[in-house]
1. Quick one: Val41 ticks every box in (1) part of a loop (DSSP other than H, G, I, E, B); (2) at pLDDT 90 or above; (3) of a type in the set (A, V, I, L, M) except a single one, so which number is it?
2. Restricting attention to the stretch 19-32, does a residue exist that is aliphatic (A, V, I, L, M), over 27 Å from Lys236 (Cα atoms) and open to solvent by less than 20 Å² (accessible area, probe 1.4 Å)?
3. For the stretch 126-168, what are the residues that are at positive phi and either open to solvent by 40 Å² or more (accessible area, probe 1.4 Å) or without any contact (Cβ under 8 Å) to a residue 12 or more places away in the chain (or both)?
4. Filter the stretch 230-246 down to residues that are among the hydrophobic types (A, V, I, L, M, F, W, C) and not in a helix (DSSP H, G or I), then give me how many there are.
5. Can you tell me which residue among Ala95, Ala135, Ala91, Ala62 is under 22 Å from the mean Cα position of the chain (by Cα), among the aliphatic types (A, V, I, L, M) and at pLDDT below 85?
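The values are calculated or read from the model by the stated rules, or taken from the named source; none is laboratory data. Values in this document were obtained by computation on a predicted structure and should not be read as measured data. So basically every Cβ, Gly included, is an ideal-geometry build from the backbone, and we count neighbours across all protein chains shown. Remember, those area values only see protein heavy atoms, side chains included, never the ligands or the DNA or RNA. Shrake-Rupley method; radii C 1.70, N 1.55, O 1.52, S 1.80 Å.
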Amino acid sequence: MDLFVKISEKNQISPEIVTVARYVIMDAEELVKISAADTRVGTIPLHKRCAALPTVVYDPDALEQLHNTLTILLYNGVKAFYIPNLYGFTAMLEAVKRTTTQEARDTPPIKPAIFKTLGITLIAGSELNIANHEAIEEYANMGITETVLTPEITAHQTRRLARKYSVGIYAYGRLPLMTYRSCPLSVHGCPQKSKGTPSHPCMLTDRTGRAFPFQCENPGGVSKMRNSHPLWIADKISSFNGISFAILDFSIEDAAACTRITRAFL
């Protein structure tokens, strides 16, 4: 079983995590800041870098920014992308189109098969709520090669799908509960630069004392509220034998916690 480690900021990464992870998944806007030749964050080799597309994009300018970001990542040699929504497929096709020759652009349409031809791996995120073989095959027709199954299905259902498909599970992380177009914490003075990461924590505490982390995504300025307690199945991972990979989704954990949690899944 491979580990796909999803992080909120590069400071969460340790050499140990990079060694054991098949992919290190980062926000596309953050990943584009790391040049293909950057060996300091070298820590993250090019073949392990995976760009996560934003959950929601509303603004037309933000859409154009996303297309440009994906195009740069493709030019830089990034070959893996985490897709959390249907628009992600359209955005990827547009980015691929921009990296092709003018002659190829003038020959419509570019089809999902182009991803396989170019060696691009598309990972269907848990946000797509994929729970059965019909959905897996439909997304495969759109270019998906790796599927994160919804956390809502049982271990038995997961094992049945793993017999035929390359699927993985959401094994650790604070599941997203709500997505907001405008951050509800901003009215209480939450700094606009807060990203809901270890270096910029942003929390909402309810009447019972439970703290819910908020994360802001770009482009689009969308904020996401996560669960107060993380999902943890390291002690049950043997129940999911046959799966190809497990996602570890780090949001507010520091580097030491990320490494410690990763070790529990080895």
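1. (2)
2. Here is the first cut: in the stretch 19-32, the residues aliphatic (A, V, I, L, M) are 20-21, 24-26, 28, 31-32.
From what is left, the residues that are over 27 Å from Lys236 (Cα atoms) are 28, 31-32.
Pick out the ones that are also open to solvent by less than 20 Å² (accessible area, probe 1.4 Å) and you get 28, 31.
So far as the stretch 19-32 goes, yes, one or more of its residues are aliphatic (A, V, I, L, M), over 27 Å from Lys236 (Cα atoms) and open to solvent by less than 20 Å² (accessible area, probe 1.4 Å).
3. In the first step, residues of the stretch 126-168 are kept if they are at positive phi; the result is 129, 143.
Matches in the stretch 126-168: Asn129 only.
4. Of the residues in the stretch 230-246, the ones among the hydrophobic types (A, V, I, L, M, F, W, C) are 231-234, 237, 240, 243, 245-246.
Okay, now just the ones that are also not in a helix (DSSP H, G or I), so 231-233, 243, 245-246.
Here the count works out to 6.
5. Numbers: Ala95 fails: at pLDDT below 85; Ala135 fails: at pLDDT below 85; Ala91 fails: at pLDDT below 85.
Matching residue, one of Ala95, Ala135, Ala91, Ala62: Ala62.
Quick grid of which residues meet (1) open to solvent by less than 40 Å² (accessible area, probe 1.4 Å); (2) at pLDDT below 90; (3) part of a loop (DSSP other than H, G, I, E, B):
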site	(1), (2), (3)
Leu185	yes, yes, no
Cys190	yes, yes, yes
Lys195	no, yes, yes
Phe214	yes, yes, no
Ser228	yes, no, yes
Leu248	yes, no, no
Thr259	yes, no, no
